[in-house]
Structure formats: structure tokens, C-alpha cells
1. Test Glu121 against the criterion of being free of Cβ contacts under 8 Å to residues at least 60 places away in the same chain, part of a helix (DSSP H, G or I) and either loosely packed, with under 13 Cβ neighbours inside 10 Å or not aromatic (Phe, Trp, Tyr) (or both), and give yes or no.
2. Pull up region 18-33, narrow it to residues that are in contact with a Cys (Cβ under 7 Å, 6 or more places away or on another chain) and more than 17 Å from Asp83 (Cβ to Cβ), then point me to the one that is most open to solvent (accessible area, probe 1.4 Å).
3. Could you say which residue among Leu86, Leu82, Leu68 is modelled with pLDDT under 95 and crowded, with 17+ Cβ neighbours inside 10 Å?
4. I'm checking my understanding of the structure. Among residues of region 39-51 that are open to solvent by less than 70 Å² (accessible area, probe 1.4 Å) and touching a helix residue (DSSP H, G or I) at 6+ places or on another chain (Cβ under 8 Å), which one is farthest from Val13 (Cα to Cα)?
5. Using the structure shown, decide if Phe100 is crowded, with 19+ Cβ neighbours inside 10 Å and within 22 Å of His146 (Cα to Cα).
6. Let me confirm something: among Lys165, Lys176, which residue is modelled with pLDDT of 95 or more, of a type outside the set (S, T, N, Q), more than 18 Å from the chain's Cα centre (by Cα) and crowded, with 17+ Cβ neighbours inside 10 Å?
7. If we scan region 33-44, do we find a residue that is charged (D, E, K, R) and part of a loop (DSSP other than H, G, I, E, B)?
8. For region 33-69, which positions are closer than 15 Å to Pro89 by Cβ and aromatic (Phe, Trp, Tyr)?
Amino acid sequence: MKLTCITLNVSEVLVRPVIERILESELTVFKEYRITSLDERLLLSHAYNAERGQYDGSIILESVKSLLSGQVEKLEKVIVILDRDLFVPRLNFIFGIAEFPGQFAIVSITRLKSSFYGLPENINLLMERLCKEILHELGHTFGLGHCENFCVMMFSNCIDEVDMKPAKYCEHCREKLLKAVNL
């Protein structure tokens, strides 16, 4: 299984160690990965909502699918990492969005940054939060729903809830993930 990570104006220096940690610890099902970048105008130009001052995550997800679906292998997952404030119509904001199940997911670092909350930037905390949200959104692509256990698949309604949850799947979610991979 292959993982493609697409960055939109997010440094590979931030992303690479997070992806490597994820693949070594929680998602060992991926045997190879690559990190690449895209011109963000390809995905974001029509997703901006001026009234909200945010980008519609569902529109970006559809753009990703349209742009890349013909280039993605059957057993490949694609995660897009960007630095834009996202929302979906029913929520004030989101940290990420994914096909459920499917191949494509998006994570935004905007609200994962300490500076968003008026605090000094903390790169280690940002990387920890990014790790959790990538695991969460990729979990959705494997068909994992939100979990009530102490698990990375817990729903996070605020940054404190991201910080509280572990950067790993509970046994129940791990079993479901392994079953989904073996189908």
C-alpha cells in the first residue's frame, strides 16, 4: 500500500518526520510513501468563502478527487496538508476532512498552530497535533468512524481535545483498520 502526501505551501521539513513517525508506529500497512507539492490555486481558487473568511473543506476534497483520481493507484491513500482555515457548512471549522471510506483526505495546520491561539509557536506541539490529525483523517479513509474510546479517532471539537487524545488507534479501531486493509 502506498501513501502520497501533497503539501500546499507547508514545509516538507515539518511534514516528513511526522509521516515517517506515523508509518513506523501506527500505519505500518504503508510500504512506501512520497511527499510532493502542488500549486494551491489548483485546489483552493473556488473554495474560499469571503463571508466566513475560510475555505470550504468539502469543495477542496472534491477538487482533490477530480484532479488526482486518474493518477492514484487502487491501493493508494492521498493526504493533502495545507495552511488554510477550513470549514464545512454544518461546522464552524474543521481540522481536516476525508472520504469515508475512500482514498483522499485533507488536514489543515492553521488551527493546529499555537500562534492561532495567540501563543508562541511550538514546532514540537504542532508536529504532535499534525500527527494525530493525519492518523484521524487516514482512519476515515479506511472506514473508521469517530470512536468513544481513548483513541486518535475521537472527535475533536477544539484544540484542547486534539491535545487530549493519543496519537494511536485503540485496539477496536486497529482491528477494524487491519480488517479493512486485508479486504
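The values are calculated or read from the model by the stated rules, or taken from the named source; none is laboratory data. In this text, all values refer to a predicted model and were calculated from it rather than measured experimentally. Here Cβ is always computed from backbone atoms with ideal geometry, including for glycine, and neighbour counts include all displayed protein chains. Quick note on the areas: whole protein, heavy atoms, side chains included, nothing else; ligands and nucleic acids left out. Shrake-Rupley method; radii C 1.70, N 1.55, O 1.52, S 1.80 Å.
1. no
2. This residue is Arg21.
3. Only one candidate passes the filter, namely Leu68.
4. Ala47
5. no
6. Every option except Lys176 fails the conditions.
7. Yes, region 33-44 has at least one match.
8. Those that are closer than 15 Å to Pro89 by Cβ and aromatic (Phe, Trp, Tyr): Tyr48, Tyr55.
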